[in-house]
Structure formats: structure tokens, C-alpha cells
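Remarks on the structure that follows.
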Amino acid sequence: MFYGVDLSSRLLLGTARYPSPAVLERAIKASGAEVVTVSLRREGGSAQGGAGRAGQSFWQFIQSLGLRVLPNTAGCHSVKEAVTTAHMARELFDTPWIKLEVIGDADTLQPDVFGLVEAARILAQDGFEVFPYTTEDLVVADRLVEAGCRVLMPWGAPIGSARGLNNVYGLKSLRAHFPDIPLVVDAGLGVPSHAAAAMELGYDAVLLNTAVAEAGDPVEMARAFALAVEAGRAAHRAQPLEPRDMAQPSTPVIGKAVLGGI
Amino acid sequence: MRIFLNDDAHDVDAATLAAALESLGFAGRKIATAVNGRFVAAAARPATRLADGDRIEVVAPMQGG
């Protein structure tokens, strides 16, 4: 499904902001996710008082899961930063996969789509398998595919906003325009019904983090999202009705007894 | 020679990136590196010579969304 890798779960889960590593581990299991997103941050050496070894224990934790990882370039605001980060991620996590984020606006964390296309082209030519975090803009999506992306990840809403699918029409158009490119709604989902809605539109998967990590009970929420993703996918396959303006009786009227007076 | 590692100044004798990382306690760690904004692969660290004022970035795996 993604760059030749077939997965049975259509939910990709982020690993940040959980109350504890134990809760993270249980949430991942409850979600059924086979891909988890990860990142990289500065780390100090032992000559600096032994501080900052967090990365080493997280690395051991990630290895123990035995799942596929999708490293991101979160927080990068320029093409150069994103490309260098992608190279560091490829070496650290030993994967050509990269969730490419080039952030254009600090408040909305909206992608800088111009920088995104440029960085995607550089990375794809260098053998990376790019998962671009983009908007639902059709022309940008075209450019990303032209740059070598074989997966597109439009936002539902700004990262961490829990607003769901802000532009259903745009997401639908994207699906119709790219029937053969795996599409993932990434970011902005708040509740499982948002995930179900994305799947009902025919999206291939959803990627979420905060909605699970910051729920009152992340493990239960992970399970709820897993069920919603499965339900939404099944509904898409079952070909849902189109909405109509007028009522249509579900009970047949032929043969109904005539009981009214004249 | 004074170098900057993740913005902190360090006076080191090391001539190469590999030696500097060793002396600053990164031996055996799962890390990735860049010097002056350019990625330096692990295999290239022993041959990467440092100059006064070089800015080294050292990163490790971290949680992410």
C-alpha cells in the first residue's frame, strides 16, 4: 500500500505527548497500528553530566515494538533544514520513509507547500520514500506526485486542533483526482467519527497523535479510533448512499390498505 | 579549539568529528550528526576534520507525531 509495503491496519499513530511510555505502548497495541511516527531531537553526551539520554531509551523502546517507523521532519521551517533532518532520520531509523513537514506558519502549522514540493523533489531523487504532509490543494498534490511522491498526506485540520475534516469537498476532489495514489488524512482529527468520515470518503488511512495521546484515557481512545477506521473503510467498500433533498419512504407503499374515508 | 555542540561551547583537542564525539561522551550512542548544517553520516565521522568555530548538531530518536 505505501511504497510497495502492504499493511493490514489503516491507522498510523504518533508517539508523542502520552502520559507515560507504558500508556503509549498500550495505546499502540489497542490501536492495532503497524506504523508509528517518530522524530529526532538534540541529545547531550555523558560529558555533559549524563543529561539527555532520553533518546537512547526511546530507541530501545521503539525497537522492542517491532513495528515499522515513519520518522518526521517536524518543526522544520526551511527546505535545507527538512532535507538535512531527513538524512539524519534515514540513518538513525534505517528507513527510506520520511514524513516530510516543511512548516510555513507558526500559528496554524500550515505546510509551506512551495518548500514542501522543493524538498520532496530533492529527497525523492536521493532515494527517499516521501510521505508529504500537505494541504488538500489539488495543484500542490499534482506537483508533489510529479516530484516523486507516491503517497499524499493532506491535513484534515491544523495539527493538534481536533477540528476534524475542515474541507470535505477538497478532500473528496483529491480522492477523485488521485484514484491510485494512497491518500492519508494526517492531522487535525479529534474524535473517532472524524476518522470514520475520512475513511468513508475513500481515504486509504488516517494518521493521528494528539487525539489519542491527550484523551482522558488514551488506550480506550486508541481502540475507539481503530474501530472507527475499520467501520469507515467497510462503509466505503459498501458504497454509501448519496444524500438527497427529499424524503423517500423506506417502507413500500404498494399494497398499503386504503382506510381513509371519502 | 572551540566548537559548538547543540549550541553549547566546548574546548576540545579532537581533530575529527568522531574524536570530538568520543571525548564528549557519545561513544556507542544511537545518534545522527550534522556539521555547520550539513548531514555527516556515521561512516564519514572519522574523516570529517573540525575547524575552530564549527557548529555540530547531535540528535537522537525522540517521540513524534
TODO: Enter the angle in degrees (range 0 to 90, nearest 10) between the Cα long axis of helix A:138-147 and the first principal axis of the Cα atoms of chain A, meaning the one along which they spread out most.
DONE: 40 degrees
Task: Charge context of B:A9, other residues only, Cβ under 14 angstrom, K/R +1, D/E -1 - done: -3
TODO: In nm, give the distance between the simple-model label positions of B:T16 and A:M1, each being 7 Å from the Cα along the Cα-to-Cβ direction.
DONE: 4.5 nm
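In the P(r) worked out for segment A:120-242, what percent of Cα pairs fall beyond 19 Å?
Values: 3514 of 7503 pairs.
Cα-Cα pairs of segment A:120-242 separated by over 19 Å account for 47 percent.
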TODO: Enter the angle in degrees (range 0 to 90, nearest 10) between the Cα long axis of helix A:79-93 and the first principal axis of the Cα atoms of chain A, meaning the one along which they spread out most.
DONE: 80 degrees
TODO: With an 8 Å cut-off on Cα pairs and a minimum separation of 6 or more residues, tell me the relative contact order of chain A in percent.
DONE: 19 percent
TODO: Would you please calculate the Kirkwood hydrodynamic radius of segment B:1-55 over all C-alpha pairs and express it in Å, rounded to one decimal?
DONE: 11.1 Å
Open item on the list: Are there any trypsin sites (Lys or Arg not before Pro) in segment A:187-252 that are in a DSSP loop and have at most 14 other Cβ atoms within 10 Å? List them by number.
Closed with: A:R244
Task: Options A:A74, A:I122, A:G14, ranked by Cα towards positive dipole end of segment A:1-141, top entry (Cβ charges) - done: A:G14
- [ ] Take the Cα coordinates of segment A:41-176, assign each an equal point scatterer, and use the Debye formula without solvent to give log10 I(q)/I(0) at q = 0.14, 0.20, 0.21 Å⁻¹.
- [x] -0.70, -1.18, -1.24
TODO: Could you list which residues have their amide H under 5 Å from that of A:K99, counting only those 5 or more apart in sequence or on another chain, with H placed in the peptide plane?
DONE: A:N72, A:T73, A:F131
Open item on the list: Using the Cα centre of the protein assembly as shown as the reference point, and only Cβ charges (+1 on K/R, -1 on D/E), how large is the resulting charge dipole? Debye, rounded to the nearest 20.
Closed with: 660 debye
Task: Of every Cα-Cα pair in the protein assembly as shown, the percent that sits beyond 26 Å - done: 52 percent
Open item on the list: I'd like the orientation of helix A:218-237 relative to chain A: the angle between its Cα long axis and the longest Cα principal axis, in ° from 0 to 90, rounded to 10.
Closed with: 50 degrees
- [ ] Distance check, please: which entries in A:K29/B:K30; A:K99/A:K172; A:K80/B:K30 exceed 30 angstrom between their Cα atoms?
- [x] none
Task: Relative intensity, log₁₀ I(q)/I(0), of segment A:1-101 from a Debye sum that treats every alpha carbon as a point, q = 0.22, 0.23, 0.24 Å⁻¹ - done: -1.29, -1.35, -1.40
TODO: State, in square angstrom and to the nearest 100, the accessible area buried between chains B and A, both chains counted, probe radius 1.4 Å.
DONE: 2600 Å²
Task: At 1.567 mPa s and 4 °C, Stokes diffusion of segment A:168-213 via Kirkwood alpha-carbon radius, µm² per second - done: 119 µm²/s
Task: For A:R10, net neighbour charge (Lys/Arg +1, Asp/Glu -1) across residues whose Cβ lies under 9 Å away - done: -1
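The values are calculated or read from the model by the stated rules, or taken from the named source; none is laboratory data. Bear in mind that the values here come from a model prediction, so they are computed numbers and not experimental data. Glycine also receives a Cβ, built like all others from the backbone with ideal geometry; neighbour counts cover every protein chain displayed. These accessible areas exclude ligands, DNA and RNA; they are computed on the full protein's heavy atoms, side chains included. Shrake-Rupley method; radii C 1.70, N 1.55, O 1.52, S 1.80 Å.
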